[in-house]
Amino acid sequence: MKKISLILLFLPLAVDATEICGDWEKKIEPDMQINEADFTKENALNSHKTIGELIESGKFEWFQPLNHQKFIYGYLLKKRALNAIEARGEQEIKSLYAVEKFCRFIVEDAFYYD
């Protein structure tokens, strides 16, 4: 029973540590790609704060708010995908809509403007 409890305790960490979209073909140049691991709560909150600062100052390069929006949106999609995986288990995660939405974002839109 203790082993099962430990497995259940660490399962969310194991899912979060692996790439959800590892099997998806990347279409973005590697030097422009925002990695799946970069979509963290911490980065999303930092981007939220930075956008607020840009609004206050009114001084920014055209690409700054767009890049920060991607971190917020990407994290929200990732969180939704992880919640779906946790609720349904890891079997056939590609069939989950939330996972597909996040992976399409990673493949098509997770890039830096510069």
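Per q in 0.16 Å⁻¹, report the Debye log10 I(q)/I(0) for region 43-114, using one uniform scatterer on each alpha carbon and no solvent.
Rounded to two decimals, the profile gives -0.62.
Taking amide hydrogens as modeled 1.01 Å from N in the peptide plane, which residues meet the under 5 Å criterion relative to residue 111, leaving out close sequence neighbours?
Hits under the 5 Å cutoff: 34.
How many nm is it between the label spots at residue 67 and residue 19, if each spot is 7 Å from the Cα in line with the beta carbon?
Reported label-point gap for residue 67 and residue 19 is 2.2 nm.
Evaluate the distance, in nm, between pseudo-label points positioned 7 Å from the Cα of residue 54 and of residue 37 along their respective Cα→Cβ axes.
2.6 nm
Can you run phi through the Karplus equation (6.51, -1.76, 1.60; θ = phi - 60°) for region 32-49 and list ³J(HN,Hα) in whole Hz, with x for Gly and Pro?
Per-residue couplings from phi come out as 9, 5, 8, 6, 3, 5, 7, 8, 10, 4, 4, 5, 5, 5, 5, 5, 4, 4 Hz.
List, in order, the whole-Hz ³J(HN,Hα) value for each residue of region 55-63 obtained from phi through the Karplus relation with A = 6.51, B = -1.76, C = 1.60 and θ = phi - 60°; use x for Gly and Pro.
Result, ordered by residue: 5, 5, 7, x, 10, 6, 7, 4, 8 Hz.
Mind ranking 74-80, 40-46, 95-101 by how tightly packed they are, going by the mean number of other C-beta atoms within 10 angstrom, highest first?
Per-residue mean Cβ counts within 10 Å order the peptides as 74-80, 95-101, 40-46.
Only the coordinates and a few stated rules stand behind these numbers; no lab work does. Bear in mind the structure is a predicted one, so any value in this text is a computation, not a measurement. All Cβ positions, glycine included, derive from the backbone under ideal geometry; neighbour counts span all protein chains shown.
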